[in-house]
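Encoded as structure tokens, here's the structure I'll be asking about.
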Amino acid sequence: MSEKSTQETWRATAERKQAEQVSKIPSEWLIPKEIMPPSNADFVQDFPYASGFFTQRELSITDSTASDVVTRISTGEWTALEVTKAICKRAAVAHQLICCVTEVYFQQAFARAEELDEYFRREGKTVGPLHGLPVSLKDQFNLEGVDSTIGYVGWVGRRPEEESTLVKLLRNAGAVFYVKTNVPTTLMTGETVNNLFGRTLNPRNRKLTTGGSSGGESALVTFRGSFIGVGTDIGGSIRHPASYTGLYALRPSHGRVSYQQVTNTFLGQEAVRSCAGPMCRSPEDIRLFMKSLAAQEAWEYDPQIIPLPWRTEAESLPAKLCFGFGMGDGYVTPSPPLRRAMDITRERLLAAGHSVIDFVPYETKEAAEIIWKMWLADGAEEIRRDSGLTGEPLPPSVESNYGRSNTSIKPLSVFETWQNQHRRTILAQRFLERWQKTAEHTGTGRPIDGLITPSTAVPAIRHDTRPPWNYSVLSPLLDLTTGVFPVTKVDLEKDVIPKEWKPVSDRDREMMEFYERPENYENALVGLALIGRRLEEEKVVAMLQVIKSVFETYTE
């Protein structure tokens, strides 16, 4: 087949898939031309309120948290069907403005919601803690009757034989599935763009990304087209998008949330594990998600799940907490918006009576070296194979890392792989020892309760750009439970680079040159990461609740 005909084939497949997608959106939910924002309108976050396209009740429902929704459905104030229709409408509008959806599952969602409402009327109770709650899924989660393409045109029509175990567990708890969300081709880059569905945009500034690879989820949740979505994370793919879009989120340790029967990249690569977790609007919603899964004893269905119930005793925190503060990693410093977010958080925690000590995660630089060798251990053979099915080009950031144009990639030998993994083991030991020694400085008699640090060095990035550094490799490499919380937004006056700033490394200089000026990130939201120890999901969620309360009580 000629290069031209191959190109026409993958383009035709993508066009057909997109047409199928649009056909599943009810015509009354298509935005009329007279109120459609022009293509050069960057800020569309306010469209649901300013356009008149939504009723007040639809706005009230879709602006609620997941916890509030399940409460109102359980009391009969709202029905599952009206909640589902409202969120589906907002998701449909979101997709038309910011391209965040892959699979539209509206009709199945309506049928499921009607079944749940009938059960509630008949039995006078709910089927579970998520009764009637619409939940969005990152594209790689397998759902009956729809594709899981993870951005590959060549995977269109490849329907999974079995649903993801997590999908089954959430459905058992009462969830309603209505959309799957966009991802970058391969899942392995920080911007959500592919040849099949297109580029996901940030609703606060459509010149910016919502991150990757869970960027479709973050876009949909921040636009309020989802109450809670499920993302995955092997190198920042929950934490970066959540930080970019003002969300709460959790990357749990491996073994707390099922990853069984999930379409994925790097099949069989188990040196560093991708983990599934919630992306939502409050810490209470994270708790709802995690507790609902733990109650079903998922270890009876998934051998990778640790037999660990939700430990309410671990949610009981001391009155005074001590947080480590990592202002960068000693190799690259945060850009002004992230530094300011750190300062704001420090001030408010201190005002609330908590304490803070410096704890810079110097291990990040070595962690980056180790994790990249793990990701490239096969010499990019898998990614090159799957992208070669149709001859479609890889997104530039993926091509430069994994594509055939990168001739420097060589597969590791078995011995080299073992040595690299052993290096990780030693790094984990050193990090834990340093964490434990903080007990000598916290004043509480305990080591730091958690580590607050930027998830990224810059806010939401511009399209087709790639920051020269990634803070987020330490958590997946060492399997550390990590949450994300929102702090502030970019300020055009406050977030300029100080004249007295000096780089601590050449990479630091590159990073600040990449940042350049706050106008490149106008209206972008800024979040931070809260890192705990391995398998500390209950404690991390409880600390996120403390931080949320502190921010509500102590304002700027």
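Please state which one of ARG385, ARG404 is part of a helix (DSSP H, G or I), open to solvent by 50 Å² or more (accessible area, probe 1.4 Å) and under 30 Å from VAL156 (Cβ atoms).
ARG385
Please work out if GLY236 is more than 27 Å from TYR49 (Cα to Cα) and buried (at least 24 other Cβ atoms within 10 Å of the Cβ).
Taking the combined requirement at face value, the residue satisfies it.
Also, quick follow-up: What tally of residues in the range 370-382 results from selecting those that are more than 12 Å from GLN269 (Cα to Cα) and open to solvent by 50 Å² or more (accessible area, probe 1.4 Å)?
Within the range 370-382, residues that are more than 12 Å from GLN269 (Cα to Cα) and open to solvent by 50 Å² or more (accessible area, probe 1.4 Å) number 2.
In addition: Kindly provide the set of residues from the range 348-365 that are in contact (Cβ under 8 Å) with a residue 40 or more places away in the chain and either of a type in the set (S, T, N, Q) or open to solvent by 50 Å² or more (accessible area, probe 1.4 Å) (or both), ordered by number.
Result: ALA351, SER355, THR364.
If you take the residues of the range 498-544 that are among the polar types (S, T, N, Q) and surrounded by 15 or more Cβ atoms within 10 Å (Cβ to Cβ), which of them is nearest to PRO283 (Cα to Cα)?
Taking the candidates together, the pick is ASN523.
Same structure again: Outside any helix (DSSP H, G or I) and over 30 Å from PRO518 (Cβ atoms), is that true of GLU416?
no
Check the range 482-496 and report whether any residue there is closer than 30 Å to GLY198 by Cα and assigned to a helix (DSSP H, G or I).
No - not one qualifying residue is present in the range 482-496.
Would you check if there is a residue in the range 479-489 being among the aromatic types (Phe, Trp, Tyr) and surrounded by 22 or more Cβ atoms within 10 Å (Cβ to Cβ)?
Checking the range 479-489: at least one residue is among the aromatic types (Phe, Trp, Tyr) and surrounded by 22 or more Cβ atoms within 10 Å (Cβ to Cβ).
Residue-by-condition table, conditions (1) open to solvent by 10 Å² or more (accessible area, probe 1.4 Å); (2) in a loop (DSSP other than H, G, I, E, B); (3) basic (Lys, Arg); (4) at positive phi:
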{"residue": "THR126", "(1), (2), (3), (4)": "yes, yes, no, no"}
{"residue": "GLY132", "(1), (2), (3), (4)": "no, yes, no, yes"}
{"residue": "VAL146", "(1), (2), (3), (4)": "no, yes, no, no"}
{"residue": "GLU161", "(1), (2), (3), (4)": "yes, yes, no, no"}
{"residue": "GLY190", "(1), (2), (3), (4)": "yes, yes, no, no"}
{"residue": "SER218", "(1), (2), (3), (4)": "no, no, no, no"}
{"residue": "GLY229", "(1), (2), (3), (4)": "no, no, no, no"}
{"residue": "THR232", "(1), (2), (3), (4)": "no, no, no, no"}
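Do you know which residues across the range 92-115 are in a helix (DSSP H, G or I), in contact with a Leu (Cβ under 6 Å, 6 or more places away or on another chain) and buried (at least 22 other Cβ atoms within 10 Å of the Cβ)?
Of everything in the range 92-115, those that are in a helix (DSSP H, G or I), in contact with a Leu (Cβ under 6 Å, 6 or more places away or on another chain) and buried (at least 22 other Cβ atoms within 10 Å of the Cβ) turn out to be ALA94, ILE98, ALA113.
List pairs: first in the range 31-58 and more than 19 Å from ALA91 (Cβ to Cβ) and in contact (Cβ under 8 Å) with a residue 24 or more places away in the chain, second in a loop (DSSP other than H, G, I, E, B) and of a type in the set (S, T, N, Q), Cβ under 9 Å, 6+ apart or cross-chain?
Listed by first residue and then by second, the contacts come to ASP42/ASN523; PHE43/ASN523.
The values are calculated or read from the model by the stated rules, or taken from the named source; none is laboratory data. Please read these numbers as outputs of a predicted model, since none were measured by experiment. For neighbour counting, all protein chains shown are included, and Cβ atoms are generated from backbone atoms with ideal geometry for every residue, glycine included. Note: accessible area is taken over every heavy atom of the protein model, side chains too, but ligands, DNA and RNA are not part of it. Shrake-Rupley method; radii C 1.70, N 1.55, O 1.52, S 1.80 Å.
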